[in-house]
Amino acid sequence: MQFNSNFNDIAESYLFAEVAKRAQSYGESHPDKKILRLGIGDVTLPLAPAVISAMHSAVDEMSRKQSFRGYGPYEGYDFLREKIRGYYASFGVDAGMDEIFVSDGAKSDLGNILDIFSPGGVALIPDPVYPVYVDTNLMAGRKTVFAAADRGNGFLPLPDNSVNADIIYICSPNNPTGAVYDFGGLKSWVDYANSRGAVILFDAAYECFVHGNLPRSIYQIEGARTCAIEFCSFSKIAGFTGTRCGYTVIPRELVRGGLSANKLWLRRQSTKFNGVSYVVQRGAEAVFSPEGMSQIKQNLKVYENNAKLISDCLDGLGIYYTGGKNSPYVWLECPGERDSWRFFDKLLEEAQVVGTPGAGFGKNGEGYFRLTAFGSPEVTAEAVERIKKLF
Ligand code: PLP
């Protein structure tokens, strides 16, 4: 028996390892210098007290015979899906209970969803990009083409009718660029997908950072229910990166060749997935309680203030960037430098600030650099002061 040789087509994932290696080696040779890390995409604030207390109660329930729970529903407990439904309703989206599937996070679902598509076809993926979209399609042996995101389109590519695509990835607010589509931009993608029977995989992992008149869900766009699947996560909204919980929405109207994507996904999940733990789902439910919401909003405010500090600094220096508003990521053009790894070294050596070189996110990331707002306010403020002095 042979193994899947498609894995040979996947580029080595060295970006964060290389970032860590260079920072560590600099730290070892300069023990007197304090390194400030603005490179991570992971959250740093703890779970909200309401979430912790709900999880404690759920653990206690599991300790008693009368309230013990074994296997749960494949698609998640009703108590959590009802709350997710209510959350969608708060921004005008009507998601049916049977359209919401709870999972252990957006990354798993983004990879696993490929099980329900027929082999072959073309996946259209933005560049620069969250690497999971590319690698999962390469593993499945699917052809990938790229939609160039660049300064010319504000890192928000629009459909090109001459490009053939069967699966289309959209991430808004985007990782790594922080760019957010407006209603018109998403409507163009929905029309393009519907006109050719393509399916949009919409990654809404950062929707909680969106404010004002911008879409948080693809289903705020007319026509999306016949062409889009949406992935969301408790990771960024509520600090669940280590706790693991997310959800995927698949409308009943998403049907191709007589097959319902919703039914296929339920079949897929009931075959290969046994649900998210009861304790974690009770914790996720508490995110939507009035107390939980107010607590997570305080945490999000900390990250949003950090993002503002960084973007105000770049505004003051006249450096082009996207994100920072409606996003925890700030994506800046490397000043005076086209090579993003050289810029990484300069920032590390001259300001002891660590970010992520854009080249690691795709060809179009070259010349750009990602800073994140997930650090502490103190570290962010100090990093910003150092960057100001450098330019
Ligand atoms: N989608 C994007 C764009 C992300 O940046 C991330 C994590 O950083 C994820 C999905 C993964 O989310 P989860 O923690 O729910 O797997």
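Descriptive notes on the structure:
- Looking only at segment 42-60, and only at residues there that are within 16 Å of the ligand (Cβ to nearest atom) and in contact with a Phe, Trp or Tyr (Cβ under 7 Å, 6 or more places away or on another chain), the one that is least open to solvent (accessible area, probe 1.4 Å): 43
Yes or no, residue by residue, for (1) closer than 18 Å to residue 197 by Cβ; (2) free of Cβ contacts under 8 Å to residues at least 40 places away in the same chain; (3) outside the structural domain of residue 366 (by TED's automatic domain parsing):
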{"position": "140", "(1), (2), (3)": "no, no, yes"}
{"position": "144", "(1), (2), (3)": "no, yes, yes"}
{"position": "159", "(1), (2), (3)": "yes, yes, yes"}
{"position": "162", "(1), (2), (3)": "yes, yes, yes"}
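- Residue tally, condition under 25 Å from residue 305 (Cα atoms), in contact with a Leu (Cβ under 7 Å, 6 or more places away or on another chain) and surrounded by 21 or more Cβ atoms within 10 Å (Cβ to Cβ), over segment 179-207: 4
- Filtered residue count, segment 2-24, keeping only those that are open to solvent by less than 100 Å² (accessible area, probe 1.4 Å) and either touching a helix residue (DSSP H, G or I) at 6+ places or on another chain (Cβ under 9 Å) or closer than 21 Å to residue 358 by Cα (or both): 12
- Checked against the criterion of being among the aromatic types (Phe, Trp, Tyr) and either open to solvent by 50 Å² or more (accessible area, probe 1.4 Å) or over 18 Å from the mean Cα position of the chain (by Cα) (or both), the candidates 303, 329, 368 yield just one match: 368.
- Positions within segment 365-391 being of a type outside the set (A, V, I, L, M, F, W, C), part of a helix (DSSP H, G or I) and over 11 Å from residue 331 (Cβ atoms), in sequence order: 377, 378, 380, 382, 385, 386, 388, 389
- Restricting attention to segment 78-110, the residues that are part of a helix (DSSP H, G or I) and either open to solvent by 20 Å² or more (accessible area, probe 1.4 Å) or more than 16 Å from the ligand (Cβ to nearest atom) (or both) add up to 16.
- Evaluated against (1) within 16 Å of the ligand (Cβ to nearest atom); (2) hydrophobic (A, V, I, L, M, F, W, C); (3) open to solvent by 10 Å² or more (accessible area, probe 1.4 Å), residue 210 falls short on exactly one condition, (3).
The values are calculated or read from the model by the stated rules, or taken from the named source; none is laboratory data. On a predicted model such as this, the values are computed, not experimentally measured, just so you know. Note that we place each Cβ from the backbone using ideal geometry, even for glycine, and neighbour counts take in every protein chain shown. Areas reflect the complete protein model, heavy atoms only, side chains present, ligands, DNA and RNA absent. Shrake-Rupley method; radii C 1.70, N 1.55, O 1.52, S 1.80 Å.
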